[in-house]
Amino acid sequence: MSLMTGEQYIESIRAMKMNVYMFGKKVECPVDDPILRPSLNSVRMTYDLAQLPEYEDLMTAVSPYTGKRVNRFTHIHQSAADLVKKVKMQRLLGQKTAACFQRCVGMDAFNAVFSTTYETDKKYGTNYHENFKKFMMYVQDNDLTVDGAMTDPKGDRSKAPHQQADPDLFLHVVERRADGIVVRGAKAHQTGVLNSHEVIVMPTQSMKPEDKDYAVSFAVPMDTPGITMIIGRQSCDTRKLENTEMDVGNSEFGGVEALTIFDNVFVPNDRIFLNGEAEFAGMMVERFAGYHRQSYGGCKVGVGDVLIGAAAVAADYNGAAKASHVKDKLIEMTHLNETLYACGIACSAEGHPTESGNYIIDLLLANVCKQNVTRFPYEIVRLAEDIAGGLMVTAPSEADFRSPELGPVIDKYLRGVDSVSTENRLRILRLIENLALGTAAVGYRTESMHGAGSPQAQRIMIARQGNLEHKKALAKALAHIKE
């Protein structure tokens, strides 16, 4: 089939019979649930933009495997230029949604699994790479959304997977059959899994031979028997049930995550990409993490563009736009945001081919990119809150504003610049609240810390990739030190 339209995507998800729970109850129709629908709209944007000629170069690519034009989120990177376009696409989508559009993790899993399976097959004579290519082409031909599942609950962090008191705290193989495997466990913090057709499961960390049952990667449809999603709680999520768009801040778009349970899920042989080859678990994790840390140099920057714009509008509406300190704060926000983008572009431009032929980013620069993302958005948010003022967190509800009795009073006393309506002033402040205070948990500030791995995980990779011995040699050469 050709590229799906946004409406076709929505209906394709509606047709799936997923097992979803939220607030202690089963959600019979997630597509139409008011809390969940904004996250689906964010994914829809990845389909809608791919239909527009002006975005074709960013949103799509020609697959070298099918010869057809495919959505870039299903593409295997063929050059450093592809890596750069990926970051530019993510910035565009961040600007259009001011939320997490959720397909990045699947795209990053695609490319990590592609190269890792190639090298696993080279050593062990397995058939994982062909399995993956068959799955990849199926996804491309049908323009599917794929989630990537890496993070296990982990239990006691001081113990290896096989040492846990409960073996299910890391997803693992519980049975190997002639026709496939059976797995059990869970994946936590799964952004966008609810809005995906398929999920690629990967190991969560490097493994030793004793953990071979946990060194597993595969793909299954999201409505596979045994898969259950428990939706994560977000700050102010029930505002979406109050029939108010103003108080939500960003009423059309959002993100959602879930604790995803795999209860004796069967995986057929042709959907298995790793099955006990423990030494390759670390490679898959490292490559996926690198790609995903690159992603944050695009998506977070696009959302940052919206937040900077909202802060500037708030300054206009407050009558403070000409104040020198406000101008300087907006400059600093822009400086930090563009620094994140520069890191995303740099690690892409320095990309190189793997043995399999697809391109991978410069891992050191990708980890520097994500390390900055754990810091800069917090400062951007602080400055946005400073510019917005206290009304951002003390404004009355939309219900009060619409009240015949209270509305005129609120309109009178909460007006800023006389030429701007009080309603518009409140709307922009609610958008800033949505981005800054965690009401959009999967989108900007709070996810910037632990998304794509904790800050310490990036520092470990920076130490590993930093080539300190080379730097020492440079210094010794210039100091004419002979040892």
Computed over the chain: longest principal axis from alpha-carbon atoms vs helix 37-48 long axis, angle to nearest 10 degrees, is 70
For the range 302-440, the dipole about the Cα centre with charges only on Cβ (Lys and Arg +1, Asp and Glu -1), to the nearest 20 debye, works out at 280
Once all protein chains are kept in place, Tyr359 shows an accessible area at probe 1.4 Å, nearest 10 Å², of 50
Among beta bridges assigned by DSSP with both residues in the chain, the antiparallel ones amount in percent, to the nearest 5, to 85
Relative contact order as a percentage, the range 253-372, C-alpha pairs under 8 Å and 6+ apart, gives 31
For the chain, the longest principal axis of the Cα atoms and the Cα long axis of helix 422-436 enclose an angle in degrees, to the nearest 10, of 30
Between Thr145 and residues 5 or more places away or on another chain, the pairs with built amide H atoms under 5 Å apart involve His197, Glu198
Scanning the chain, every Cys lacking a C-beta partner under 4.7 angstrom -> Cys29, Cys100, Cys104, Cys236, Cys299, Cys347
Mean Cβ-within-10 Å packing, highest first, puts peptides 113-123, 333-343, 407-417 in the order 113-123, 333-343, 407-417
By the mean-Cβ-within-10 Å protection proxy, highest first, 144-154, 468-478 rank as 144-154, 468-478
Expected sort for 248-261, 193-206 on mean C-beta neighbours within 10 Å, highest first, is 193-206, 248-261
Between the residues Ala289, Ile231, Val301, the Cα farthest towards the positive end of the dipole of the range 204-341, that dipole coming from +1 and -1 charges on the beta-carbon of Lys, Arg, Asp and Glu, is from Val301
Excluding residues fewer than 8 positions from Lys208 in its own chain, the aspartates and glutamates with Cα under 20 Å of it are Glu119, Asp121, Asp152, Asp156, Asp166, Asp168, Glu175, Glu277, Glu279, Glu286
Relative to the chain, whose Cα atoms define the longest principal axis, helix 363-373 and its Cα axis are tilted in degrees, nearest 10, by 30
Beyond 30 Å (Cα-Cα) in this structure, taken from Lys86/Lys133; Lys327/Lys412; Lys327/Lys370; Lys85/Lys472; Lys68/Lys123; Lys26/Lys370, we find Lys85/Lys472; Lys68/Lys123; Lys26/Lys370
Using alpha carbon centers only, the range 376-451 is separated from the range 151-204 by a whole-angstrom value of 40
With the 8 Å Cα cutoff and a minimum separation of six or more residues, the range 341-449 has a relative contact order in percent of 23
Looking only at aspartates and glutamates whose Cα falls under 14 Å of Lys96's and that sit 8 or more positions away or on another chain, we get Asp48, Glu252, Asp305
Options [x] 26.0; [y] 24.2; [z] 27.2 for mean projected area of the Cα convex hull in nm²; the value derived from the coordinates is listed as [z]
For Arg427, the net charge from surrounding residues (Cβ-Cβ under 12 Å; K, R +1; D, E -1) works out to -3
Relative contact order of the chain (C-alpha contacts under 8 Å, at least 6 apart) in percent is 19
The distance between the Cα centres of the range 56-72 and the range 14-44, in whole Å, is 29
Of the accessible area of the chain, computed with a 1.4 Å probe and all protein chains kept, carbon and sulfur make up a percent value of 53
The size of the Cβ-based charge dipole (Lys, Arg +1; Asp, Glu -1) of the chain about the Cα centre, to the nearest 20 debye, is 1020
The local net charge around Gln51, scoring Lys/Arg +1 and Asp/Glu -1 for residues other than Gln51 whose Cβ lies under 12 Å from its Cβ, equals -3
Interchain or sequence-distant (5+) residues whose placed amide H lies within less than 5 Å of the amide H of Val70 are Ala61, Val62, Ser63
Net charge (Lys, Arg +1; Asp, Glu -1) of residues whose beta-carbon lies under 9 Å from that of Gln164, Gln164 excluded, is -1
Here the range 14-21 yields Karplus 3J(HN,Hα) values (6.51, -1.76, 1.60; θ = phi - 60°; whole Hz; Gly and Pro given as x) of 4, 6, 7, 9, 7, 9, 10, 10
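The values are calculated or read from the model by the stated rules, or taken from the named source; none is laboratory data. Just so you know, these numbers come straight off a predicted model, no measurement behind them. Cβ: placed from backbone, ideal geometry, glycine included. Neighbour counts: every protein chain shown. Protein only, heavy atoms only, side chains kept; ligands, DNA and RNA dropped before computing areas. Shrake-Rupley method; radii C 1.70, N 1.55, O 1.52, S 1.80 Å.
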